[in-house]
């Protein structure tokens, strides 16, 4: 009996093992078939949802969620596309108008060139702007401060009240002069006052103002103002400010002239003068 049972034990175990494997394979195949059918059913239902109009859908209909998600996806995709197109158009326009503007993700190797000089109370004699042979109107302000306080010079030199351009390019030039007229001061003329005349001189004359050559300065900007005050006041205060973009060459010199230098209040926050490189 013992030899008989041991003889048939191995075939029985083998049969049971094969039966279990067959059952597992059948179950796995059945599950895969069910998943495939569910996938096809879902795909057909999703495609059929696209053929339905809004009037055919209700809030409880599964197709309503499908179409809603699809609409959100389309809107997001179109929004991103339009934003890229608009950003590209704006970037192109800005780079055309101001090519020196540094856009996001781009670095600039252009060196910083700028100067801001302020009024100084150091007593210096006023200098006629035409005293050195240059024919300009008014008196040049030559006692600017370029180092202390709010003033600074970066790759620009200050010589005898003139900013010397060290690198050619498009510059923004600005100037402000603060006037303090005391009662009883003699008036030079009854014509409107012309307080500021920032100009330049250099090898290139340029034709934007009038055709002249070195060493006669070129008038860049001009402002005028007629001031009136009460007879009971001891003095009158007013300021004149101006600024603009100008192409400058290496070696050009910028300076400011006024009709009456003795009336200028040279406080560093009131009277100042400067320029910085744009491109």
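The values are calculated or read from the model by the stated rules, or taken from the named source; none is laboratory data. All values reported here derive from a predicted model rather than from experimental measurement. A quick note on method: Cβ atoms are made from the backbone with ideal geometry, for glycine too, and the neighbour counts reach across all protein chains shown.
For residue 256, indicate whether it is more than 22 Å from residue 156 (Cα to Cα), buried (at least 17 other Cβ atoms within 10 Å of the Cβ) and either assigned by TED's automatic domain parsing to the domain that holds residue 152 or touching a strand residue (DSSP E or B) at 6+ places or on another chain (Cβ under 9 Å) (or both). So residue 256 does not fit the description; no. Looking at region 111-121, can you tell me whether even one residue there is under 15 Å from residue 271 (Cβ atoms), loosely packed, with under 12 Cβ neighbours inside 10 Å and either in the same structural domain as residue 261 (by TED's automatic domain parsing) or at pLDDT below 80 (or both)? Yes, because at least one residue in region 111-121 is under 15 Å from residue 271 (Cβ atoms), loosely packed, with under 12 Cβ neighbours inside 10 Å and either in the same structural domain as residue 261 (by TED's automatic domain parsing) or at pLDDT below 80 (or both). Checked against (1) modelled with pLDDT of 90 or more; (2) surrounded by 17 or more Cβ atoms within 10 Å (Cβ to Cβ); (3) under 19 Å from residue 248 (Cβ atoms), residue 151 meets all criteria but (3).
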